[in-house]
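The values are calculated or read from the model by the stated rules, or taken from the named source; none is laboratory data. The structure displayed is predicted, hence computed values, not measured ones. Every residue, glycine as well, gets a Cβ built from its backbone with ideal geometry; the counts of neighbours run over all protein chains shown. Note: areas computed on protein heavy atoms with side chains; ligands, DNA, RNA excluded. Shrake-Rupley method; radii C 1.70, N 1.55, O 1.52, S 1.80 Å.
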Amino acid sequence: MIGLIGKPGLDIFTNYAEFDWSNFVFNLVFCATTATIVSGAMAERTKFLSYCIYSGVISALIYPIEAHWIWGGGFLAQMGFHDFAGSCAIHMVGGISALIGAKILGARIGKFTKEKDGKVKVNAFPGHNLPIGCLGVFILWLGWYGFNGAACTSVEQLGSVFVTTTVAPAIATVVCMVFTWVKYGKPDVSMCLNASLAGLVAITAPCDVTDVTGALIIGAVAGLLVVFGVWFLDYKLHIDDPVGAVAVHCLNGIWGTIAVGLFATTSAPGNDSIIGLFYGGGFKQLELQLIGFAAVAAWTTVTITIAFLIIKALGGLRVSEEEEIVGLDACEHGLASAYSGFSIMDISNTMTMDINENTSLGTDKYDEASAVQKDAAVPVITEYPAAAGMYKVVVIAKLSRYDHLKKAMNDLGVTGMTVTQVMGCGVQKGAGDVYRGVEMDATLLPKVKVEVIISKIPVDAVITAAKKALFTGHIGDGKIFVYNVAKVVKIRTGEEDFAALQDVE
């Protein structure tokens, strides 16, 4: 259909003996890669059903049409646009979808906070396990040789592709290491891992038409571009991308697509016609690459935006605040042991508590709740004398309310706190789930214990602020304990009691 949509076929079912199996598998894995890129930028807060739906849209609609344009005889292929293994067709498409999805979805809780002067503060969320992250990158790098080499037609071309696919990510990694070392004082390992992938993404389109010199330059630019991309999303666009998918795949997918028009050379085995600007080919191929980039980017942007908006309107893209804090594996899939080793959760199934059917207090708005309702939701357990003095206030709360509590304490002027992750539950039952068909009672739920020592700030003010921050309208929102403090010593200065609790030097 004039090179725009293509002709859907059912030969895999009707004519299997003559079906083009290799081309099917080639596109199958590329299509899957396109969809999975998006999940990284939308990680930790997307509903699983929504993930399935938008992945289906990418796999069944967006990718097949633009891949036909590039590899299936569509109008871009007829024009001479070149994308050997998918910088444009796969990575840019996935990166653009990731950017739009992350923007519509919104940032993770606590990623961006507004300060008193109105400026947006960007908060870092360090990865849980860097060695596992390194292993993932190394596996991807190894798999990329098959990714880029799958379409090679000769041993010489395959060897050249392997060389460029090695040089570009290696240079990108080193350039990123040196740059972050100079800029931040230490080489950023996490960013260097992203740079390795950025170099692989950037060399994917031109890997068969460029030489080692071109691969060096492509990789060097990719190593810098990924750092810029992460910074730009965080500090300028305020879009939360947990894994740097947009910087790696979108920006470097675009860069790799354009690089064909700059560094293509006939000295690369199997390339007899494509010549880039820097090798004497003029602007012809560069123009074709820019047209291809613009066409695929426009198609992807319009289609995925419509898809995300429809999903958001019908069923919602994002999980609840509490589900996000507790973790999607536990809430969406019922895997109580999903975060074993770094998130506390009782999965022993050794204690069952009776359900209290009267836990709801009738309102989830603090200002509308009566004093009795507030005291029922967040009771103050320990009495304290009215006389002025030093007090230790201990708050036991749900993990999902920690950010609210932290902000409330900060607004009140509390200058220090100790935070501990603990387990607990009250008269209400914990989280009953099913694991491998067996019902289990995870009765001890993740909680957070916040301890503050105060002297100048009234205890009643701390209690009121904490209750307002924790109140959701249910029994079990938290408990507050207040203790007298007999002695405080600041080790550095030797100051004692009231003076030791003041931060002003």
Study note, to complete from the structure: One finds, for residue 364 and residue 109 with R0 = 22 angstrom and r their Cβ-Cβ distance, a FRET efficiency to the nearest 0.05 of 0.80
Check your understanding: Classify segment 69-173: rounded, prolate or oblate, from the alpha-carbon gyration tensor (a ≥ b ≥ c, eigenvalue square roots; a/c under 1.5 rounded; otherwise prolate if a/b is larger than b/c)?
Key -> oblate
Point to revise | Neighbourhood charge, 13 Å Cβ-Cβ cut-off, centred on residue 44 and excluding it, Lys, Arg +1 and Asp, Glu -1 | key: -2
Exercise for review: Whenever you get a sec, compute what percent of the accessible area on the chain sits on carbon and sulfur atoms (1.4 Å probe).
Suggested key: 63
Review point. Setting aside same-chain residues fewer than 8 positions from residue 490, which lysines have a Cα under 18 Å from its Cα?
Key: 392, 456
Point to revise | Straight-distance crosslink candidates among lysines, where the alpha carbon sits under 23 Å from residue 121 and sequence neighbours closer than 8 are dropped | key: 103, 111, 183, 186, 236, 406, 407
Check your understanding: To the nearest 20 debye, what is the magnitude of the charge dipole of the chain about its Cα centre, counting +1 on the Cβ of each Lys and Arg and -1 on the Cβ of each Asp and Glu?
Key -> 1000
Check your understanding: Could you give me the ³J(HN,Hα) list for segment 181-190, computed from phi with Karplus coefficients 6.51, -1.76, 1.60 and θ = phi - 60°, whole Hz, x at Gly and Pro?
Key -> 4, 6, 6, 10, x, 9, x, 8, 5, 4
Exercise for review: Compute the signed sum of charges (Lys and Arg +1, Asp and Glu -1) over the other residues within less than 14 Å, Cβ to Cβ, of residue 373.
Suggested key: -1
Practice item. Pick out, from 494, 249, 470, the residue whose Cα sits farthest towards the positive end of the charge dipole of the chain, with +1 on the Cβ of Lys and Arg and -1 on the Cβ of Asp and Glu. Key: 494
Point to revise | Order by protection proxy (mean Cβ within 10 Å, highest first), peptides 394-402, 156-164, 88-96 | key: 88-96, 394-402, 156-164
Study note, to complete from the structure: Taking Cα atoms only, helix 252-263 is inclined relative to the longest principal axis of the chain by an angle, in degrees rounded to 10, of 30
Exercise for review: Run the dipole for segment 149-240 about the Cα centre, Lys and Arg Cβ at +1, Asp and Glu Cβ at -1, nothing else charged, and hand back the magnitude in debye, nearest 20.
Suggested key: 300
Study note, to complete from the structure: Burial-style ranking of 473-481, 258-266, average other-beta-carbon count within 10 Å with highest first, yields 258-266, 473-481
**Study point:** Calculated from backbone phi, Karplus (6.51, -1.76, 1.60) coupling profile of segment 100-116 in Hz, x at Gly/Pro
**Key:** 5, x, 5, 5, 5, 5, x, 6, 4, 4, x, 5, 10, 10, 8, 8, 5
Check your understanding: Long-range amide H contacts for residue 264: which residues qualify at under 5 Å (H placed 1.01 Å from N, peptide plane, sequence gap of 5 or more or a different chain)?
Key -> 276, 277
Point to revise | Surface accessible to a 1.4 Å probe, per residue, for the residues of the chain, Å² | key: 50
Check your understanding: Based on the alpha-carbon gyration tensor of segment 232-278, what equivalent-ellipsoid semi-axes (square roots of 5 times the eigenvalues) come out, in whole Å, largest first?
Key -> 33, 10, 6
Check your understanding: For the Cα atoms of the chain, what angle does the longest principal axis make with the long axis of helix 284-314, in degrees from 0 to 90, nearest 10?
Key -> 40
Review point. For segment 484-492, in order, what is each residue's ³J(HN,Hα) by Karplus, 6.51 cos²θ - 1.76 cosθ + 1.60 with θ = phi - 60°, in whole Hz (x at glycine and Pro)?
Key: 6, 10, 7, 8, 9, 10, 8, 4, 5
Revision key, fill the gap. With -39,500 (n - 2.57) per DSSP H segment of 4 or more residues and division by the full residue count of the chain, the 222 nm estimate, nearest 500 deg cm²/dmol, is -15000 deg cm²/dmol
Revision key, fill the gap. Note on segment 1-143: alpha-carbon gyration tensor, axes a ≥ b ≥ c; rule is a/c under 1.5 for rounded, else prolate if a/b larger than b/c, else oblate; result prolate
Study note, to complete from the structure: One finds the C-alpha centres of segment 61-111 and segment 246-302 to be spaced, in Å, by 14
Practice item. Could you let me know the centre-to-centre spacing of segment 175-245 and segment 9-25, using Cα atoms, in angstrom? Key: 39
Check your understanding: Using the alpha-carbon atoms, what tilt in degrees (0 to 90, nearest 10) does helix 459-470 show relative to the longest principal axis of the chain?
Key -> 40
Review point. Going by a ≥ b ≥ c, the root eigenvalues of the Cα gyration tensor, does segment 245-330 fall in the rounded group (a/c under 1.5), the prolate group (a/b larger than b/c) or the oblate group?
Key: prolate
